[in-house]
Amino acid sequence: MALLRMRNTKGPNAAEIERKIKRGNALRQGSSWWGSRALVLLLLVALCTAAAALWLYVTRLDRDITETLASQRELISPEPRVYSVPCSEDYDNYKRYPGCTPQKCGRAVTDSVVTREEAQVLRRLAERGMALAGSEGGASILDLHSGALSMGKQFVNIYRYFGEQIRTVFEQEDFSLYRDVRGRIQTIIAETFGLDPSLMYLTKPTFFSRINSTEAKTQHDEYWHPHIDKVTYGSFDYTSLLYLTDYGSDFMGGRFVFMDKNGNRTVEPRSGRVSFFSSGSENLHRVEKVTWGTRYAITVSFTCDPAHAISDPTLP
Ligand SMILES: *[C@@H]1O[C@H](CO)[C@@H](O)[C@H](O)[C@H]1NC(C)=O
Ligand SMILES: *[C@@H]1O[C@H](CO)[C@@H](O)[C@H](O)[C@H]1NC(C)=O
């Protein structure tokens, strides 16, 4: 009898319970939907925080650098990447040469003027030449035009010092590649700045440089000071650099830095890369200290003043 009553009373109770269960399920479903959304949101916040922290970390490491104009990893080809900068008044202090004196100023980078293979040949040339002597630290230079080579705390004239023996170190082809590359650099500068290439002249110093992390022993081996080429060498109108090694794999540090009032802009050396710029105060620059490895480059300088022209080097 009791059993029967229970069974009877279960009728309305069961319906009530079922309703409760359904409501419960619906609520649970709702809260689990909200739960997964909160989780996604939390993950997003965590991700953003991590990204911000990473960005802060990276920019703090490089807090002096505002912008990378050309990174080592990219290939700038076929057209040069050009950044215009208003010309400084430096050129007013010199005679103006129409068709050459900067009217447009700026800086540019190209990877399509010199191949990596050619850069490698020129680097080997530099290695062989520098092996004859070299500075005690900081930068060593080799100037094939004058024959000047760093030796200890001074310089030696390789043509005078080694005489015809220098032909066991350099070959005719090395010199013709050097002349050829110089000509191509002159052409791209003229094209970029709208000049007559026949009114531009190679000038001194034009030289190979080798830099490693050993401290400079003399002032002229301290390559990292900010400077203006037109102020340092009055004859300069256009400066170019041909890089013979790669930033990041051959050496660290050693980036080229344009120091503008509103920030520092770098060019990362890449083997075969040519960077060039007008030589006045609009292009104050420096080279970072090399922290590891060896950096090779060639500085090729041009003037508009024929009185400061130098000729291509020849083997004695
Ligand atoms: C750097 O080059 C100089 C020669 O200029 C050499 O004496 C020195 O051992 C080199 N340092 C390193 C770390 O390779
Ligand atoms: C540029 O770099 C130098 C150090 O190399 C730093 O002292 C200077 O604050 C930097 N300039 C800007 C505007 O960030």
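Based on the mean of other Cβ atoms within 10 Å per residue, sort peptides 244-251, 113-120 so the most packed one is first. Spell out each step's value before the answer.
On the way: 244-251: 20.6, 113-120: 17.2.
Answer by packing, highest mean first, reads 244-251, 113-120.
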Quote the FRET efficiency, to the nearest 0.05, computed for Asn157 versus Asp312 with a Förster distance R0 of 22 Å and r equal to the Cβ-Cβ distance.
0.80
Please name which of Gln219, Val45, Ser71 has its Cα lying farthest along the dipole of the chain towards the positive end, using unit charges on Cβ (Lys, Arg +1; Asp, Glu -1) and the Cα centre as origin.
Val45
Pick from Lys153, Lys261, Lys217: which is most flexible by mean-square fluctuation in a GNM of the chain where alpha carbon atoms under 10 Å apart are linked?
Lys261
For the range 121-172 versus the range 199-216, the gap between their alpha-carbon centres in whole angstrom:
12
Enumerate cysteines in the chain without a disulfide-compatible partner, where compatibility requires another Cys Cβ under 4.7 angstrom.
Cys48
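Give, in whole angstrom and from largest to smallest, the semi-axes √(5λ) of the equivalent ellipsoid of the chain, with λ running over the eigenvalues of the Cα gyration tensor. Present the calculation step by step, with values, prior to reporting the outcome.
Values: eigenvalues 902, 106, 61 Å².
Taking √(5λ) for each eigenvalue gives 67, 23, 17 Å, largest first.
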In a Gaussian network model of the chain with springs linking alpha carbons closer than 10 Å, the residue among Ala52, Ala108, Ala216 that fluctuates most is Ala52
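Summing Lys, Arg as +1 and Asp, Glu as -1, what charge do residues with Cβ under 14 Å from the Cβ of Thr203 carry, Thr203 excluded?
Details: positive: Arg182, Lys204, Lys230; negative: Asp143, Asp229, Asp237, Asp305, Asp312.
Net charge in that neighbourhood comes out at -2.
Using a Förster distance of 45 angstrom, determine the FRET efficiency expected from the C-beta separation of Gln103 and Gln165, and round it to 0.05. Mind dumping the intermediate values first?
Details: r = 47 Å, r/R0 = 1.04.
That pair, Gln103 with Gln165, gives E of 0.45.
Run the helix sum for the chain: -39,500 (n - 2.57) per DSSP H stretch of 4+ residues, divided by residue count, reported at 222 nm to the nearest 500 deg cm²/dmol.
On the way: 5 runs with 106 residues, N = 316.
Rounded to the nearest 500, it is -11500 deg cm²/dmol.
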Express the Stokes-Einstein translational diffusion coefficient of the range 93-165 in µm² s⁻¹, to the nearest whole number, given a Kirkwood radius over alpha-carbon pairs, 20 °C and a viscosity of 1.002 mPa s.
139
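Return the percentage of antiparallel bridges among DSSP beta bridges fully within the range 107-219, rounded to the nearest 5 %. Before the final figure, lay out the partial values.
Values: 9 of 11 bridges.
Bridges in the range 107-219 that DSSP calls antiparallel: roughly 80 percent.
Provide Tyr296, Tyr238, Tyr201, Tyr97 in ascending order of the number of other Cβ atoms located within 10 Å of each residue's Cβ, fewest first.
On the way: Tyr296 24, Tyr238 28, Tyr201 21, Tyr97 18.
Ordered from fewest to most neighbouring Cβ atoms within 10 Å, Tyr296, Tyr238, Tyr201, Tyr97 come out as Tyr97, Tyr201, Tyr296, Tyr238.
How much of the DSSP bridge set in the range 67-308 is antiparallel, in percent, rounded to the nearest 5? Let's see the in-between values first.
Details: 49 of 55 bridges.
Of those bridges, close to 90 percent are antiparallel.
Readers should treat all values here as calculations from the given coordinates under stated rules, not as data from a laboratory. As the structure is a computational prediction, the values presented were derived from the model and not from experiment. Here Cβ is always computed from backbone atoms with ideal geometry, including for glycine, and neighbour counts include all displayed protein chains.
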